[in-house]
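These notes concern the structure reproduced below.
The values are calculated or read from the model by the stated rules, or taken from the named source; none is laboratory data. Just so you know, these numbers come straight off a predicted model, no measurement behind them. Reconstructed Cβ throughout: ideal geometry from the backbone, glycine too, with neighbour counts over all protein chains shown. The protein model used for the area step is the full one, side chains on, heavy atoms only, and it has no ligands, DNA or RNA in it. Shrake-Rupley method; radii C 1.70, N 1.55, O 1.52, S 1.80 Å.
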There are 2 protein chains.
Amino acid sequence: MNVSIGVSARHVHVSRDVLDVLFGKNYVLRNKKDLHQPTQFAAEEMVTIATEKSKIENVRILGPVRDYTQVEISKTDAYKLGICPPVRDSGDIQKSAPITLIGPCGSVNLKEGCIIATRHIHVTPQERKEKGFDEDEVCVKIESEKGAILEHVHIKEASLSYFELHLDTDDANALCVKDGDICEIIK
Amino acid sequence: MNVSIGVSARHVHVSRDVLDVLFGKNYVLRNKKDLHQPTQFAAEEMVTIATEKSKIENVRILGPVRDYTQVEISKTDAYKLGICPPVRDSGDIQKSAPITLIGPCGSVNLKEGCIIATRHIHVTPQERKEKGFDEDEVCVKIESEKGAILEHVHIKEASLSYFELHLDTDDANALCVKDGDICEIIK
């Protein structure tokens, strides 16, 4: 069974409160580009993410606003920033790494919120049933000069969902694959 | 069968002629640290690698001087530099990517020489026989939160050799492993 790859660059999800501080009270994110996942978009707005050791500028915010603020980076970014974020599913930020967000109107020191995202496949409940994903994890076979069978690929079920495998830039670069490439799911 | 992982950061091997231009006629590389591979060392000397698009400073030279000049980078580096080096075994640089080396005494425009190194395991002919590596490639199973079975891991035989799996920083970061970690060879 095949699935297309979506490569996730480092990005930030923001809560209403945090967006107020970074860009001003009641600021509305501008949609730069719709993402494949329904309702999700890359915003025009970008922030700097910073630690005591270093910073990375021009990190894009993904909209819409969420109930929590979360920074998703790669292990390569983590070394640059001198932090050790856990590998987590999106939304699971308790006791994740601290990080600072800097916007044009202000900055926010997050005590937690920075993670390395788990490899995951987006599916609807209907697709999950049809495709027979009984377990919470599958493996994925990537064919390339630096191919691999990736383990611990989580199944992420949501009623609004586009069927796609999300890998971070470390995975994509290590495996020499790019956005839109096709790979095989192994149950 | 287990093997320890050696993570190779970006680095440069230089020929006598190129070292002469970069650091001065008959310059002798200074040994900063012996590598696990016999006779090989990380030199004190570093260069800048550059393309029209960008540059990366402080790229370490590995000694001793070789018959050819070769730059080994990751895919992540390649995106930054705006080039597309092939995935190759060390020494196989024909029609690889062009790159410029800049040292304190001069610079060299290489028409070819930049590669992404193939994943490989160093073995002596004796070890190869004992371990039964009949093929030129094996697979390697990496256990971690972002584990995988890596394919296309080349067997690199040399009489002076330390038994070790070499991965680049993209592989190491994608898989969340570090120098000295242990993994399993699957024939």
Exercise for the section: Of the numbered conditions (1) over 12 Å from the mean Cα position of the chain (by Cα); (2) without any contact (Cβ under 8 Å) to a residue 24 or more places away in the chain, B:ASP67 fails exactly one; give the number of that condition. Expected result: (2)
Handout entry: Residue that is least open to solvent (accessible area, probe 1.4 Å), among those in region B:160-187 that are within 9 Å of another protein chain (Cβ to nearest Cβ) and in a strand (DSSP E or B)
Key = B:LEU167
Exercise for the section: Please find, within region A:90-131, the residue that is nearest to the other protein chains (Cβ to nearest Cβ) out of those that are farther than 20 Å from A:GLU52 by Cα and part of a strand (DSSP E or B). Expected result: A:ALA117
Fill in the blank from the handout: The number of residues in region A:42-71 that are assigned to a strand (DSSP E or B) and open to solvent by 30 Å² or more (accessible area, probe 1.4 Å) is 7
Problem - Flag for A:GLU44 being within 25 Å of A:GLU164 (Cβ to Cβ), free of Cβ contacts under 8 Å to residues at least 24 places away in the same chain and out of contact with any His (no Cβ under 9 Å at 6 or more places or on another chain) - result: yes
Problem - Boolean, A:GLY113 is on the phi > 0 side of the Ramachandran plot, surrounded by 14 or more Cβ atoms within 10 Å (Cβ to Cβ), touching a strand residue (DSSP E or B) at 6+ places or on another chain (Cβ under 7 Å) and not aromatic (Phe, Trp, Tyr) - result: yes
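Within region A:132-159, count every residue that is in a loop (DSSP other than H, G, I, E, B) and within 11 Å of chain B (Cβ to nearest Cβ).
Final tally of qualifying residues: 5.
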Practice task
With respect to A:VAL7, determine if the residue is within 14 Å of another protein chain (Cβ to nearest Cβ), in a strand (DSSP E or B) and either closer than 12 Å to A:GLY113 by Cα or open to solvent by 30 Å² or more (accessible area, probe 1.4 Å) (or both).
Solution key: yes
Handout entry: Residue selected from region A:84-110 under the condition touching a helix residue (DSSP H, G or I) at 6+ places or on another chain (Cβ under 7 Å) and over 27 Å from B:LYS178 (Cβ atoms), by the criterion least open to solvent (accessible area, probe 1.4 Å)
Key = A:LEU101
Exercise for the section: Test B:GLY132 against the criterion of being assigned by TED's automatic domain parsing to the domain that holds B:TYR162 and either under 30 Å from B:ASN58 (Cα atoms) or not charged (D, E, K, R) (or both), and give yes or no. Expected result: yes
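For A:SER74, state whether it is surrounded by 19 or more Cβ atoms within 10 Å (Cβ to Cβ) and in contact (Cβ under 8 Å) with a residue 40 or more places away in the chain.
Criteria met by A:SER74.
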Completion exercise
Over region A:28-41, the set of residues open to solvent by 30 Å² or more (accessible area, probe 1.4 Å) and either of a type in the set (Val, Ile, Thr) or in contact (Cβ under 8 Å) with a residue 40 or more places away in the chain (or both) is A:VAL28, A:HIS36, A:PRO38, A:THR39
Handout entry: Residue among B:GLU72, B:GLU52, B:GLU57, B:GLU45 that alone is out of contact with any strand residue (DSSP E or B) (no Cβ under 8 Å at 6 or more places or on another chain) and outside the structural domain of B:THR124 (by TED's automatic domain parsing)
Key = B:GLU52
